[in-house]
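Take a look at the structure below.
The values are calculated or read from the model by the stated rules, or taken from the named source; none is laboratory data. All of these numbers come straight from a predicted model, not from anything done at the bench. Every residue, glycine among them, receives a Cβ derived from its backbone with ideal geometry; neighbour counts consider all protein chains shown.
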Amino acid sequence: MDDWRSYDGVAETYERIQAPRLSEVARDLVAMSEVRSGDRLLDVGTGTGVAAVAGADAAGHDGLSVGVDVSVGMLRTGRRDRPDLRLVAGSAIDLPFRDRTFDAVVANFVVSHFTKYQTAMFDMLRVLKHRGRLALSSWADKPDDLQKTWSELVEASVGPGLLADARARAVPWADRFADRTAIEETMIDAGLRHVRTERREYRFVYPLSDYVEGLGTWSTGRFVRSMLGEDGWRRFLERAQATFADRFADPVNDFREVWLAVGIKHEY
């Protein structure tokens, strides 16, 4: 993996393990954006396309759903498994679309990754029509025993200092977008009105081995893999599997809290 921050090297694992779970949140996010038949929807940071699929279902045959992502590996995997989906390579801070193209824009667990989230918000609103809806999701919960166990393992391998730096580089705004007030302020400052936020709880069930393997798609997992190399990473995963098997039941019940937020663009 040349750049551990990229999802290119974990696209297959993400599609197999994470995408089926996150599709539930994607459906709720699209529903919150009130996509109707015939609408045009853009899914920013689409990954392998789970929210774009939900958008296509809501917009129907007369509408349009497009997913955009910087990771060619994720897009390639999404296109292979969803050949009818419209997927485009592009950056959220310079979206390859004309002004006022879409009725709705969604960003599923992606805004906290942007180095300059303000620039990304500006461009997402640029491509949104007057009275269009922008909806985003972000993690709302604090670390639980599952996450703490993973942190212990990765900190033991690379040290807490390096790990904290990696998190800050990969997800610089995770804390901001875990806070309801900050989310609402961000959306209002960007120019959205009638902003509404909801906190929802999801239950994701994984075979224990899949859960641990799926952690490798997180920013911390990608970083540790880059530090240890492929042989070291395989040995690390074996230790992680043994530790999780000792502490947790199989299958794993992963309860996660999520912020869903939506606002309406008004032009004066």
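Residues in segment 214-245 that are part of a helix (DSSP H, G or I) and among the polar types (S, T, N, Q): Ser219, Thr220, Ser226, Gln241, Thr243.
Going by what's in this entry, would Thr217 be described as within 20 Å of the chain's Cα centre (by Cα), farther than 24 Å from Arg16 by Cα, surrounded by 13 or more Cβ atoms within 10 Å (Cβ to Cβ) and polar (S, T, N, Q)? So Thr217 does not fit the description; no.
Hey, among the residues in segment 76-92 that are under 21 Å from Asp123 (Cα atoms) and outside any strand (DSSP E or B), which one's modelled with the highest pLDDT?
So the residue we want is Gly90.
List pairs: first residue in segment 243-255 and surrounded by fewer than 12 Cβ atoms within 10 Å (Cβ to Cβ), second residue assigned to a strand (DSSP E or B) anywhere in the structure, Cβ distance under 6 angstrom, at least six positions apart or on different chains. Pairs found: Phe255/Arg203.
Checking segment 162-174 against the condition returns no match, with no residue being surrounded by 19 or more Cβ atoms within 10 Å (Cβ to Cβ) and of a type in the set (Phe, Trp, Tyr).
Find all pairs meeting these conditions: Cβ atoms under 7 angstrom apart; at least six residues apart or on different chains; first residue within segment 188-203 and over 16 Å from Gln118 (Cα atoms) and modelled with pLDDT of 95 or more; second residue surrounded by 15 or more Cβ atoms within 10 Å (Cβ to Cβ) and aromatic (Phe, Trp, Tyr). Partner pairs satisfying both residue conditions: Thr197/Trp259; Arg199/Trp259. Restricting attention to segment 76-105, the residues that are over 19 Å from Arg27 (Cα atoms) and either of a type outside the set (Lys, Arg) or in contact with a Pro (Cβ under 7 Å, 6 or more places away or on another chain) (or both) add up to 14. In segment 85-105, of all residues being in contact (Cβ under 8 Å) with a residue 40 or more places away in the chain and β-branched (Val, Ile, Thr), the one that is farthest from Leu192 (Cα to Cα) corresponds to Thr101. The residue that is farthest from the chain's Cα centre (by Cα), among those in segment 139-175 that are free of Cβ contacts under 8 Å to residues at least 24 places away in the same chain and part of a loop (DSSP other than H, G, I, E, B), is Gly159. Kindly check whether there is at least one residue in segment 131-138 that is closer than 26 Å to His266 by Cα, outside any strand (DSSP E or B) and either charged (D, E, K, R) or within 16 Å of the chain's Cα centre (by Cα) (or both). Checked segment 131-138: no residue is closer than 26 Å to His266 by Cα, outside any strand (DSSP E or B) and either charged (D, E, K, R) or within 16 Å of the chain's Cα centre (by Cα) (or both).
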